[in-house]
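Read through the structure below, which is laid out as structure tokens, and then see the notes.
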Amino acid sequence: MPMETPRGETGLAWQRFMKDRAAVVALWILGIFYAVAILADVAAPYTLKDESREHPYCPPTAVHFFAPDGRFAGAHVRGVQMTYDHFRRRIYNETADIYPLRFFGRGETYRFLGAFPADRHIITVDAPGRIYLLGADSRGRDVFSRIIHGARVSLTIGLFGVLISFSIGLLVGGIAGYFGGRTDHVLMRLCEMVMMVPGFYLLLALRAAVPDSLDSLQVYAAIIIILSFIGWAGLARVIRGMCLSLKERDYVLAARTMGLSDLQIIVRHILPHTLSYSLAAVTLAVPGYILGESALSLIGLGIQDPYASWGNMLAEAMSIVRIQFAPWILWPAFFIGITVLCFNAAGDALRDAWDPLLKGRGEGA
Amino acid sequence: MNTPLLAARGITLALRERPGTLILNDVSLVVPRGKIIGVVGGSGSGKTTLACMLLGFVPEAMRLKSGQVLWEGKNIQAMDAHTLRHWRGGRVSLSFQEPASAFDPVFTVGDQITEMLMAHGGNGRARAQEKMLEFLALAGVDDPRRVAAGYVHELSGGLRQRAMIALAVCTRPAVLVADEPTSSLDVILQARIMALFRTLRRELDLSIVLITHDLGMVQRLADATVILVRGRVVAGDHPEAQALLSAGGM
Ligand SMILES: Nc1ncnc2c1ncn2[C@@H]1O[C@H](COP(=O)(O)OP(=O)(O)OP(=O)(O)O)[C@@H](O)[C@H]1O
Ligand SMILES: [Mg+2]
């Protein structure tokens with residue numbers, strides 16, 4: 001048997017997926033984002049605690065190679081001096097001080113992956129120099145560093161949220177579709193009740209039900225649970241529809257004649273067949289969670305300072321005046337946008353990659 | 001007279017949509033211990049429907065109007081869900097007419113036989129996998145490891161059929177209902193499957209309900225034969241039975 005061709009439908013679908021340029025690029029971008037999020041402590045020049053009151057809204061730092069006198073000095077940044085112009089706007093002027101960029105140099109200490117202490121950062125400069133690759137916020141905190149730290153929250157909330165709501169959705173949909181009748185009726189009315197309430201109001205109502213005096217980890221968990229609570233119903237309905245037709249398949253009847261239990265049949269012989277659809281749906285659902293977190297954090301109900309998330313960073317950008325003077329505080333919105341686009345591109349491609357197979361299988365059965 | 005292992009009494013099934021159309025009409029069947037009972041009939045005569053009924057499954061589109069299935073003299077409808085679940089697969093099993101669709105395409109054939117062995121008789125995974133290979137070999141598969149690692153679409157029709165039989169007999173049931181086990185196979189494979197059934201009957205003390213449209217084959221193998229014509233049991237001198245016989249005997 002020739003083995004070089006990938007076996008089964010998964011292999012074929014994957015091949016088709018890889019042919020989709022946009023999806024592959026999206027996958028790479030997401031891969032890089034997640035890798036950076038995991039290694040946030042090393043990747044970010046500064047820790048979350050870092051701030052510099054002398055540098056509010058400092059614009060992005062330029063990287064120079066030649067000293068002011070024209071001699072080559074390697075990659076470096078200059079010191080900055082803040083003054084006010086006659087409109088009392090902050091003006092930053094570069095000084096002649098040179099602070100060479102240090103790669104994997106020593107900076108603030110942190111616990112690497114939460115475990116062992118370390119102080120290396122991919123890019124850093126020696127104090128009192130500051131490096132603001134994407135500018136600074138109102139308290140002189142590095143936007144670039146906070147975006148990297150915030151990625152941990154913003155990117156993982158989507159994954160965990162989807163994981164929870166889809167486990168619920170799959171199980172509820174599977175049970176409703178497989179058993180049918182009264183079970184189906186009750187479960188579907190429940191789904192409809194959840195779906196009837198507009199998402200954002202439900203979000204606010206549920207958040208109001210959670211006490212304010214939570215630490216950041218609890219808030220993080222609460223947000224995930226709240227978002228999952230909203231998300232499962234839609235999937236449950238679709239999975240239920242698929243199960244209604246899947247349970248007519250011969251191999252389901254075969255499994256029943258073999259005396260397998262209902263739960264075993266649902267989990268082993270029905271739900272795996274919805275996987276292609278669910279995988280695409282999961283991918284397409286992640287952006288909803290990211291945006292949901294952003295929305296909560298933006299209005300101050302989500303992750304709180306000093307912890308960063310892309311949503312709470314944008315809370316600063318709610319004033320048009322600030323955006324005018326310091327447009328770089330909008331960078332988190334850019335990253336939210338890119339992430340959402342990437343998940344959508346990957347999800348679409350996944351769906352397309354599986355689609356012809358789904359059709360083919362329907363005719364074959 | 002001792003009670004037969006499995007018996008169907010006066011099974012009458014109608015379509016849900018058109019209650020006037022009877023798919024099975026007063027069908028009775030007795031399966032004594034250790035015997036091979038042939039069920040013959042043309043296409044659409046209700047053989048597969050009867051096979052499902054023998055395991056207590058009424059097809060979704062149909063309704064049971066009357067009749068019952070008895071196991072050791074007791075109505076299976078009186079069994080509780082737990083007993084019924086272990087009875088199916090454990091005591092009676094069904095080998096499907098089309099193994100291609102009866103195996104789940106996302107798991108290997110071996111996985112599914114192993115799953116069955118683990119569900120019945122409390123085998124651990126390692127033990128179940130060993131037994132799975134034994135039963136594939138017993139069912140006449142020459143290279144059990146390769147077949148076990150394959151997905152159903154990767155196997156030839158003959159191998160699928162034998163894997164299906166291995167799946168059906170691996171829990172050592174007392175009755176095997178075999179729905180057209182040879183109709184998609186060439187004569188050599190047919191002969192092998194026939195020989196396999198004789199072996200299984202001898203080694204596992206198995207009763208077999210052999211469903212086929214080939215009356216000739218049933219006559220060579222079966223201890224008793226039931227002829228189905230359009231959902232009805234008829235005698236051997238019925239004209240349509242004669243037609244089946246002459247066609248099969250050629
Ligand atoms: N879901 C269904 N809806 C309507 N009619 C059905 C359905 N399933 C089976 N039938 C009808 O019931 C009759 C018996 O079907 P069955 O599959 O039992 O025949 P069979 O003897 O196994 O035929 P074959 O030899 O072709 O396998 C047929 O006339 C068929 O059209
Ligand atoms: Mg049939």
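Filter segment A:298-321 down to the residues that are in contact (Cβ under 8 Å) with a residue 24 or more places away in the chain and assigned to a helix (DSSP H, G or I), then identify the one that is nearest to A:Y132 (Cα to Cα).
Applying the first criterion (in contact (Cβ under 8 Å) with a residue 24 or more places away in the chain) to segment A:298-321 yields A:301-304, A:306-313, A:316.
Subsequent filtering for residues that are assigned to a helix (DSSP H, G or I) retains A:310-313, A:316.
On the way: A:W310: 17, A:G311: 20, A:N312: 19, A:M313: 15, A:E316: 17 Å.
My answer is A:M313.
Of the residues making up segment B:145-157, those that are without any contact (Cβ under 8 Å) to a residue 12 or more places away in the chain and either away from every other protein chain (no Cβ under 14 Å) or not in a helix (DSSP H, G or I) (or both) number 1.
Out of B:T3, B:T12, B:T48, one residue alone is in contact (Cβ under 8 Å) with a residue 12 or more places away in the chain, within 25 Å of B:D214 (Cβ to Cβ) and not assigned by TED's automatic domain parsing to the domain that holds B:V147. It is B:T48. Selection over segment B:116-133 of residues that are open to solvent by 10 Å² or more (accessible area, probe 1.4 Å), within 9 Å of chain A (Cβ to nearest Cβ) and assigned to a helix (DSSP H, G or I) gives a count of 1.
Taking segment B:164-181, which residues are within 13 Å of ligand 2 (Cβ to nearest atom) and assigned to a loop (DSSP other than H, G, I, E, B)?
Residues of segment B:164-181 within 13 Å of ligand 2 (Cβ to nearest atom): B:177-181.
Within segment B:164-181, B:E180, B:P181 meet the criteria.
Quickly run through segment B:52-79 and pick out the residues that are assigned to a strand (DSSP E or B), aliphatic (A, V, I, L, M) and under 17 Å from the mean Cα position of the chain (by Cα). Before you say what the answer is, go through the steps one by one.
Here is the first cut: in segment B:52-79, the ones assigned to a strand (DSSP E or B) are B:62-71, B:74-75.
If we keep only those that are aliphatic (A, V, I, L, M) too, we end up with B:62, B:64, B:69-70.
Listed by number, the residues that qualify are B:V69, B:L70.
Does A:R256 meet the test of being away from chain B (no Cβ under 14 Å), of a type outside the set (A, V, I, L, M) and part of a helix (DSSP H, G or I)?
No: the conditions fail for A:R256.
Scanning segment A:80-100 for residues that are in contact (Cβ under 8 Å) with a residue 24 or more places away in the chain and out of contact with any Lys or Arg (no Cβ under 8 Å at 6 or more places or on another chain) returns A:R89, A:R90, A:Y92, A:P100. Within segment B:158-172, is there a residue that is at the interface with another protein chain (Cβ under 10 Å from one of its Cβ atoms) and open to solvent by 40 Å² or more (accessible area, probe 1.4 Å)? Taking every residue of segment B:158-172 in turn, none turns out to be at the interface with another protein chain (Cβ under 10 Å from one of its Cβ atoms) and open to solvent by 40 Å² or more (accessible area, probe 1.4 Å). Of the residues B:E180, B:E98, the single one that is within 16 Å of ligand 1 (Cβ to nearest atom) and in contact with a Ser or Thr (Cβ under 6 Å, 6 or more places away or on another chain) is B:E180. Got a number for residues in segment B:173-182 being open to solvent by 10 Å² or more (accessible area, probe 1.4 Å) and free of Cβ contacts under 8 Å to residues at least 40 places away in the same chain? Number of matching residues: 0. Within the set B:L196, B:L185, B:L204, the sole residue that is at pLDDT below 85, open to solvent by 10 Å² or more (accessible area, probe 1.4 Å) and within 16 Å of ligand 2 (Cβ to nearest atom) turns out to be B:L185.
Would you confirm whether any residue within segment B:135-147 is open to solvent by less than 10 Å² (accessible area, probe 1.4 Å) and either within 30 Å of B:S66 (Cβ to Cβ) or small (G, A, S) (or both)? Show your work before the answer.
So the first thing to find is which residues in segment B:135-147 are open to solvent by less than 10 Å² (accessible area, probe 1.4 Å), and the list is B:136, B:139, B:141, B:147.
Add one more test, that the residue is either within 30 Å of B:S66 (Cβ to Cβ) or small (G, A, S) (or both), and what stays is B:139.
Checked against the condition, which is being open to solvent by less than 10 Å² (accessible area, probe 1.4 Å) and either within 30 Å of B:S66 (Cβ to Cβ) or small (G, A, S) (or both), segment B:135-147 yields at least one hit.
Residues in segment B:52-62 that are of a type in the set (G, A, S) and within 14 Å of ligand 1 (Cβ to nearest atom): how many? First the steps, then the outcome.
At the first step, the residues of segment B:52-62 found to be of a type in the set (G, A, S) are B:56, B:61.
Applying the additional criterion that residues be within 14 Å of ligand 1 (Cβ to nearest atom) yields B:61.
Matching residues across segment B:52-62 total 1.
Is it true that some residue in segment B:41-60 is open to solvent by 50 Å² or more (accessible area, probe 1.4 Å) and at the interface with another protein chain (Cβ under 10 Å from one of its Cβ atoms)? Checked segment B:41-60: at least one residue is open to solvent by 50 Å² or more (accessible area, probe 1.4 Å) and at the interface with another protein chain (Cβ under 10 Å from one of its Cβ atoms). Considering segment B:25-51, and only residues there that are within 8 Å of ligand 1 (Cβ to nearest atom) and modelled with pLDDT of 90 or more, the residue that is nearest to the chain's Cα centre (by Cα) turns out to be B:A51.
Of A:L217, A:L244, A:L187, which residue is surrounded by 13 or more Cβ atoms within 10 Å (Cβ to Cβ) and away from chain B (no Cβ under 14 Å)?
On the way: A:L217 fails: surrounded by 13 or more Cβ atoms within 10 Å (Cβ to Cβ); A:L244 fails: away from chain B (no Cβ under 14 Å).
A:L187 is the lone residue from the list that is surrounded by 13 or more Cβ atoms within 10 Å (Cβ to Cβ) and away from chain B (no Cβ under 14 Å).
The number of residues in segment B:62-82 that are open to solvent by 60 Å² or more (accessible area, probe 1.4 Å), within 14 Å of chain A (Cβ to nearest Cβ) and either of a type outside the set (G, A, S) or within 16 Å of ligand 2 (Cβ to nearest atom) (or both) comes to 2. Is there a residue being hydroxyl-bearing (S, T, Y), within 16 Å of ligand 1 (Cβ to nearest atom), closer than 30 Å to B:E115 by Cβ and in contact with a helix residue (DSSP H, G or I) (Cβ under 9 Å, 6 or more places away or on another chain) anywhere in segment B:189-211? No, the conditions are met nowhere in segment B:189-211. Screening B:A235 with (1) within 16 Å of ligand 1 (Cβ to nearest atom); (2) open to solvent by 20 Å² or more (accessible area, probe 1.4 Å); (3) not hydroxyl-bearing (S, T, Y) gives one miss only, at (1). The C-beta contact set for segment A:202-217 (first residue farther than 16 Å from A:S228 by Cβ, second residue of a type outside the set (F, W, Y) and open to solvent by less than 80 Å² (accessible area, probe 1.4 Å), distance under 7 angstrom, 6+ apart or interchain) comprises A:L214/A:A222; A:S216/A:I303.
Rundown of residues vs (1) open to solvent by less than 60 Å² (accessible area, probe 1.4 Å); (2) among the β-branched types (V, I, T), yes/no style:
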site	(1), (2)
A:H76	yes, no
A:G79	yes, no
A:I98	yes, yes
A:G107	yes, no
A:I122	no, yes
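Looking only at segment A:58-73, decide whether some residue is polar (S, T, N, Q), modelled with pLDDT of 80 or more and more than 30 Å from A:L217 (Cα to Cα). Checking segment A:58-73: at least one residue is polar (S, T, N, Q), modelled with pLDDT of 80 or more and more than 30 Å from A:L217 (Cα to Cα).
State whether one or more residues within segment B:92-115 are open to solvent by 60 Å² or more (accessible area, probe 1.4 Å), over 19 Å from A:T257 (Cβ atoms) and within 14 Å of ligand 2 (Cβ to nearest atom). No.
The values are calculated or read from the model by the stated rules, or taken from the named source; none is laboratory data. Predicted model, so just to flag it, every value in this text is computed and none were measured. Positions of Cβ are generated from backbone atoms using ideal geometry, with glycine treated the same way; all protein chains shown enter the neighbour counts. Calculation scope for accessible area: heavy atoms of the full protein, side chains included, ligands and nucleic acids excluded. Shrake-Rupley method; radii C 1.70, N 1.55, O 1.52, S 1.80 Å.
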